[in-house]
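**Q** Structure below; questions to follow.
The values are calculated or read from the model by the stated rules, or taken from the named source; none is laboratory data. A quick note: this is a predicted structure, and the numbers were derived from the prediction, not measured. Please note: Cβ atoms are built from the backbone with ideal geometry, for glycine as well, and neighbour counts cover all protein chains shown. Side chains included, ligands, DNA and RNA excluded: accessible areas come from the protein's heavy atoms. Shrake-Rupley method; radii C 1.70, N 1.55, O 1.52, S 1.80 Å.
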Amino acid sequence: MSDSRSASVKRVTNETTISAELKLDGTGRYDIETGVGFLDHMLEQLSRHSLIDMTVRAKGDLHIDAHHTTEDCGWAIGEALTKALGDRKGINRYGSSYLPMDEALSRVALDCSNRPFLVWRATLPAQKLGEMDTELFREFFQAFSQAAGLTLHIENLYGDNTHHIVESIFKGVGRALRQAVEIDPKRADAVPSTKGTLGGSL
């Protein structure tokens, strides 16, 4: 099953060249190089806590800013995820997590519904983390949820330190994703929907 639940994609535009390889039944191994240090750190957390093996290489127009690189990494990783999920047969489908990091607490709930939707309720006190604009984290998850076909609800309940808030979100998404993509041994041969398929208005 692990061999079939893996995928790779390459996304090339005038702004970025990005490759992403995912193995859903992994151990959380990662090899990330995006050119944006803090984004690398967060994607490593996403891999480690989801137990999804992840290799990402990105070259983008960082002489402008990190917007295109961050957003397109979300698209590429999301595309690889939906490709690896296939018809989504046997998955738990849903996942959720409360993730504390020091003074910060974030809540994540997601549905591998093949109906993309993002709810983002997080206020980030600092405008930058290193050289990265913190407004880009919403852009990452918007692209990721769209490309992956996830209904994704992210809420920071409280926190003061922007680094802690963002890291609690990425770890929380990882933990919720781990639950959602794992195979339910009781229903390993069935799509987790009464309609027999996921997507559209189902």
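**Q** Round to a whole number: what % of the accessible area of the chain belongs to carbon and sulfur, probe 1.4 Å?
**A** 45 percent
**Q** Given the rule -39500 (n - 2.57) for each run of at least 4 DSSP H residues, summed and divided by the residues of the chain, what is its mean residue ellipticity at 222 nm, to the nearest 500 deg cm²/dmol?
**A** My calculation for the chain gives -11000 deg cm²/dmol from helical runs alone.
**Q** Hey, what's the chain come to in accessible area per residue, 1.4 Å probe, Å²? Display every interim value, and only then the final one.
**A** Working: 9480 Å² over 202 residues.
Using a 1.4 Å probe on heavy atoms only, each residue of the chain averages 47 Å².
**Q** If one puts a single equal scatterer on every Cα of the stretch 48-150 and applies the Debye formula without solvent, what log₁₀ I(q)/I(0) results at q = 0.15 Å⁻¹?
**A** Debye curve over Cα of the stretch 48-150, log10 I(q)/I(0) at q = 0.15 Å⁻¹: -0.74.
**Q** Here is a further query. Using just the C-alpha positions of the stretch 96-140 as equal point scatterers, what log10 of I(q)/I(0) does the Debye formula give at each q in 0.22 1/Å?
**A** Once normalised to I(0) and log-transformed, intensities are -0.98.
**Q** I'm a student and want to see the number: the projected area of the Cα convex hull of the stretch 1-114, averaged over all directions, in nm².
**A** For the Cα atoms of the stretch 1-114, the hull's average projected area reads 7.9 nm².
**Q** Starting from the Cα gyration tensor of the stretch 13-78, take the square roots of the eigenvalues, sort them a ≥ b ≥ c, and report rounded, prolate or oblate (rounded when a/c is under 1.5, otherwise prolate if a/b is larger than b/c, else oblate).
**A** Prolate is the answer for the stretch 13-78, as a/c is 1.5 or above and a/b outweighs b/c.
**Q** Using a simple charge model, +1 on the beta-carbon of Lys and Arg, -1 on the beta-carbon of Asp and Glu, nothing else, what dipole does the chain show about its Cα centre, in debye to the nearest 20?
**A** Dipole about the Cα centre, nearest 20: 960 debye.
**Q** Then there's this: What's the whole-number percent of alpha carbon pairs in the stretch 88-195 lying beyond 20 angstrom?
**A** That fraction is 41 percent.
**Q** Just tell me which lysines come within less than 21 Å, Cα to Cα, of Lys186; anything on the same chain fewer than 8 places away is out.
**A** Lys89, Lys195
**Q** How big, on average over all directions, is the shadow cast by the Cα convex hull of the chain, in nm²? Numbers along the way, then the final one.
**A** Working: hull surface 42.7 nm².
Computed as one quarter of the Cα hull surface, the answer is 10.7 nm².
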